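The values are calculated or read from the model by the stated rules, or taken from the named source; none is laboratory data. From a predicted model like this one, the values you see are computed outputs, not experimental measurements. As a convention, Cβ positions derive from the backbone with ideal geometry for all residues, glycine included, and neighbour counts pool all protein chains shown.
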Amino acid sequence: MADMMMIHDLGTRTLDLLDRLAAITDEPGRITRLYLSPAHRRAADQVADWMRDRGLDVTEDAIGTVRGFLAPAAPGPQANRRLLIGSHIDTVIDAGKYDGNLGVVAGLMVVEELRARGIALPFGLEVLAFGDEEGVRFPSSLSSSAAVSGTYRGEWLDTADRNGVKLRDALRAHGGDPARIREAVIPPGSVIGYVELHIEQGPVLEHQGEPLGVVTSIAGQSRFRILITGEAGHAGTVPMGLRRDAFAALAELATFIERATREGTANLVATIGRVDVKPGATNVIPSEVEATLDIRASADAPRLAAIERIRYEADQIAQRRGVKIRFERFADVPTCPMNEDLQTGLAAAVASLGESTRRLPSGAGHDAMAMARAFPSAMLFVRSRGGISHNPAEFTSVTDLGLAVEAMIRFVAGMAARHAA
C-alpha cells in the first residue's frame, strides 16, 4: 500500500517542475511552446539541466530530442540494453501544463527516486524529452519520436509554418542538423521497452473514481474532407421540396454519423470538426460545403465498417437531395496495441499501490504510437479533472500526480528485479 505522505511529497515535487516548465512560453500570459520556437529552446535547455542535476549523461539529437542516460549499475547480460521513459515538451497554443510535460518530468522523478532509494538497475535507463508531438507549427506530428524509432519522413523537412519558415531552417536555428536525423535512431535490439506516463485527456477514470489506468491500445483514426455540391438559390423563393441544399445534406449526414457511432463498438467516435459553407450569405441556399470528418476506434475493424456505413448513407442522401457528396481521405492511422508484458508490469505496479488496475484505450495519439513501430511500448494514464486537455483548465491533483510517479518508480523497480533474475 502507498504511504500517502510520501505520495503527496512526490506529487508536490512533480508539480513544482511542471510549474517551472509552464513558465517557459512564447506568449506571456498563456502557455504556448511550439516545436523549434525560442521557448522550446529554453525548455529543452532547462530539461537538460534537470537531467544533469540528477546525474544523467545528457545529449540532444539532430531533431531536438533531449536525452538523459543513466548507465546500468554494473556489467551484466542486460547492461547493453535500456528502458526508455519519455513524452513531449512542445504544446498547443494556449495549452495546459500537464499534457506531455508530465511524462518527461515523471522520468526525471523516477531517476531521482531510484537513486534516493538505492535501487540498482541491471540495464540502462534513458529519459526522452521529445519536441514535436502536437504538430501545431509544422504538419509533422510525432516527428521527434519517429526519428528515434527510425520512421522519420524526409519530406517533413520541406514543410513550412504559417510564416513560411521551413522546418529544416528552423531546425538549424534551434541547433539541430537535418543531415544527421538518421543518427537519432536507437537500435531496436538494444531497447527493453518504452513507457509513457500521460494525463488521460478524457473523463473515463474520473467517472470511474480511479486515479490510474493502463492503456491497452491507441486508437486508429481516419480523417476525411467531405465535399458536398448542391445548387445556390434564393432563400425566399425556392420551395423546400425543390432545393438542392448542400448544408442540409451535411446536417442529415452528420445526424447519421452520430447515430452510427453511438451504435458502434470498440470505443468508436466520430467528429465533424470544421465546416465551410459557400456562398455564405444569409439569404442564399448553400451550394457548396466542405467539412472534415475524424473517426477513431480502439480496433480497426469497427472503424473501417463504420466508414463503409457512412459512405453508403452519403450516397443515399445524395440521391434523395439531388446533391453530390465526395470523400477525400487525407489521413489513416491503424490502431496501435500496447505491449502486453509491459501492460502487465504497469498493472502490477498500480495494484501494489492498492489501486484498481483499470485498463482502457487511448482515443488521442501519443509519441508511444511512433515508438511502438520499433520498440515494445506501453502507457500509463492518470486521471484528468473533467477530461479537459489542450486547455489552460487542464488539471490533475497533487495526490494523483504522486500516485502516478510512484507507480512508474515501482514499475521500473519491478523490471529491474525481473531482468536481474
Worksheet item: Which members of segment 216-246 meet the condition of being surrounded by 19 or more Cβ atoms within 10 Å (Cβ to Cβ) and in a helix (DSSP H, G or I)?
Response: A246
Discussion item. Can you find, within segment 253-291, the residue that is surrounded by the fewest Cβ atoms within 10 Å (Cβ to Cβ) among those that are under 28 Å from I218 (Cβ atoms) and touching a Pro at 6+ places or on another chain (Cβ under 6 Å)?
Written reply: T265
Item to complete: Among the candidates A331, A364, A348, A374, single out the residue that is assigned to a helix (DSSP H, G or I) and in contact with a Ser or Thr (Cβ under 9 Å, 6 or more places away or on another chain).
Response: A348
Worksheet, complete the sentence: Scanning segment 69-89 for residues that are within 20 Å of A372 (Cα to Cα), crowded, with 19+ Cβ neighbours inside 10 Å and of a type outside the set (A, V, I, L, M, F, W, C) gives R82, G86, S87, H88
Worksheet item: Among all residue pairs at least 6 apart or on different chains, which show Cβ distances below 7 Å where the first residue, located in segment 153-167, is in contact (Cβ under 8 Å) with a residue 24 or more places away in the chain and in the same structural domain as I63 (by TED's automatic domain parsing) and the second is assigned to a helix (DSSP H, G or I) and aromatic (F, W, Y)?
Response: L167/W156
Worksheet item: So which residues in segment 11-49 are hydroxyl-bearing (S, T, Y) and closer than 24 Å to D161 by Cβ?
Response: T25, T32, Y35, S37
Discussion item. I'd like to check something: does segment 34-50 contain any residue that is of a type in the set (S, T, N, Q), surrounded by fewer than 18 Cβ atoms within 10 Å (Cβ to Cβ) and either closer than 28 Å to L121 by Cα or touching a Phe, Trp or Tyr at 6+ places or on another chain (Cβ under 6 Å) (or both)?
Written reply: no
Worksheet entry | Answer from L167, L212 - the residue that is in contact with a Ser or Thr (Cβ under 9 Å, 6 or more places away or on another chain) and either under 30 Å from R42 (Cα atoms) or at pLDDT below 95 (or both) | L167
Practice prompt. Tell me, please, whether a residue that is within 23 Å of F411 (Cα to Cα), at pLDDT 95 or above and acidic (D, E) can be found in segment 180-187.
Written response: no
Worksheet entry | When residues of segment 53-106 are limited to those that are part of a helix (DSSP H, G or I) and small (G, A, S), the one nearest to E134 (Cα to Cα) | G103
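Output the number of residues of segment 390-421 satisfying the condition of being surrounded by fewer than 20 Cβ atoms within 10 Å (Cβ to Cβ) and not β-branched (V, I, T).
Adding up the residues that qualify gives 13.
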